[in-house]
Amino acid sequence: MNMSASNKQEKGMHNSAALPQHIAVVMDGNGRWARKRGLPRIAGHKKGVDMVRTMIASCSEKKIPYLTLFAFSSENWRRPEKEVKLLMELFVQAIDSEIKKLHKNNIRFQVIGDKIRFGDKLINQIEQAEALTKNNDGMLLNIAANYGGRWDLVQAAKSLAEDVVSNKVSAEKINEDLFSSYLCLSDCPEPDLFIRTGGEHRISNFLLWQLAYTEFYFTDTLWPGFSTEEFEVALLSFAQRQRRFGKTEEQVEAARHA
Ligand code: IPE
Ligand code: IPE
Ligand code: MG
């Protein structure tokens with residue numbers, strides 16, 4: 001119960017050290033993929049949805065239990081109104097066309113982010129999709145939409161403050177574990193592997209708390225071109241790393257042979 005957040009992540013690794021249990025992906029580069037081909041940006045986003053389908057299938061086949069995909073950040077509202085509108089429409093269409101298959105494959109679908117800014121139609125659809133798949137015990141698929149790491153921390157702080165004010169929680173009891181139970185991904189171990197396509201080396205306000213000890217994999221490949229083969233390369237890179245969680249190399253080696 002008093003396990004620190006990093007211990008929680010360390011523990012999750014023991015059953016299958018070579019394969020990440022939770023993968024978080026910043027799917028970047030759709031716009032540039034389209035521009036290179038003289039196409040409108042939305043064509044890149046559409047192709048991006050095809051890659052999402054492939055990625056989910058690969059992870060599900062490999063029995064990776066948790067996959068979190070960054071689809072729309074809290075800052076993406078700053079884009080031209082037309083692109084935002086088309087992205088929202090694409091989101092509606094994608095849920096519509098995919099949810100039955102996800103359900104059939106025993107995948108639990110969940111949206112993380114501030115849903116309040118979405119239209120009623122999309123909110124309803126998300127809630128229905130979440131309800132339909134809520135008892136599935138295969139992979140948990142988190143789609144981060146209108147998500148921001150800072151928003152997540154603030155909404156957690158707010159709920160925790162409310163619980164302190166109403167005497168549900170005493171302030172002395174607040175520790176890393178308790179705090180993290182208020183965050184969006186409280187039902188998942190922290191990501192083991194973070195993948196960002198599109199050549200940028202930044203977090204862009206994705207999971208700020210949860211990435212504390214995550215392994216990072218960056219590639220210049222634009223998201224619509226991120227093939228299954230390249231995903232295998234990312235997994236191989238992950239498998240070759242030694243995760244030390246603050247310890248020495250010798251300690252980690254000794255624990256492995258114990
Ligand atoms: C990522 O691709 C998808 C979203 C942010 C919705 P981009 O649209 O950011 O593509 P680039 O970075 O402009 O190429
Ligand atoms: C991050 O990509 C968000 C998503 C992939 C959904 P951005 O393209 O928005 O990131 P920045 O603006 O280049 O940092
Ligand atoms: Mg981008």
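The values are calculated or read from the model by the stated rules, or taken from the named source; none is laboratory data. Just so we're clear, the structure is a prediction, and the values are computed from it rather than from any experiment. Cβ placement follows ideal geometry from the backbone for every residue including glycine, while neighbour counts extend to all protein chains displayed. Side chains are part of the model used for accessible areas, which takes the heavy atoms of the whole protein and leaves out ligands, DNA and RNA. Shrake-Rupley method; radii C 1.70, N 1.55, O 1.52, S 1.80 Å.
A few notes on this one:
- Placing +1 on the Cβ of every Lys and Arg and -1 on the Cβ of every Asp and Glu, with nothing else charged, gives the chain a dipole about its Cα centre of roughly 740 debye.
- By the Stokes-Einstein formula, at 1.567 mPa s and 4 °C, the range 102-228 with its Kirkwood radius over alpha-carbon pairs has D equal to 77 µm²/s.
- Packing, taken as the mean count of other beta carbons within 10 Å per residue, orders the peptides 102-112, 166-176 from highest to lowest as 102-112, 166-176.
- Compactness of the range 22-110, expressed as Rg and Dmax over alpha-carbon positions, Å: 13.9, 39
- All Cα pairs of the range 141-205, percent lying beyond 15 Å: 62 percent
- Accessible surface calculations at 1.4 Å, restricted to protein heavy atoms, place the range 143-187 at 55 Å² per residue.
- What a 1.4 Å probe finds exposed on the chain is 52% carbon and sulfur by accessible area, rounded to a whole percent.
- Principal axis box of the chain, alpha-carbon based, largest edge first, Å: 55, 48, 35
- Computed over the range 185-258, the percent of Cα pairs more than 20 Å apart is 44.
- In range of the label at VAL154: residues from the range 190-218 whose backbone nitrogen is under 19 Å from the point 7 Å along Cα→Cβ: 203-210
- Helix-only mean residue ellipticity at 222 nm for the chain, each DSSP H run of n ≥ 4 adding -39500 (n - 2.57), per residue, nearest 500: -14500 deg cm²/dmol
- Taking 27 Å as the straight-line reach from the Cα of LYS82, the lysines in range (excluding those fewer than 8 positions away in the same chain) are LYS36, LYS46, LYS47, LYS115, LYS121.
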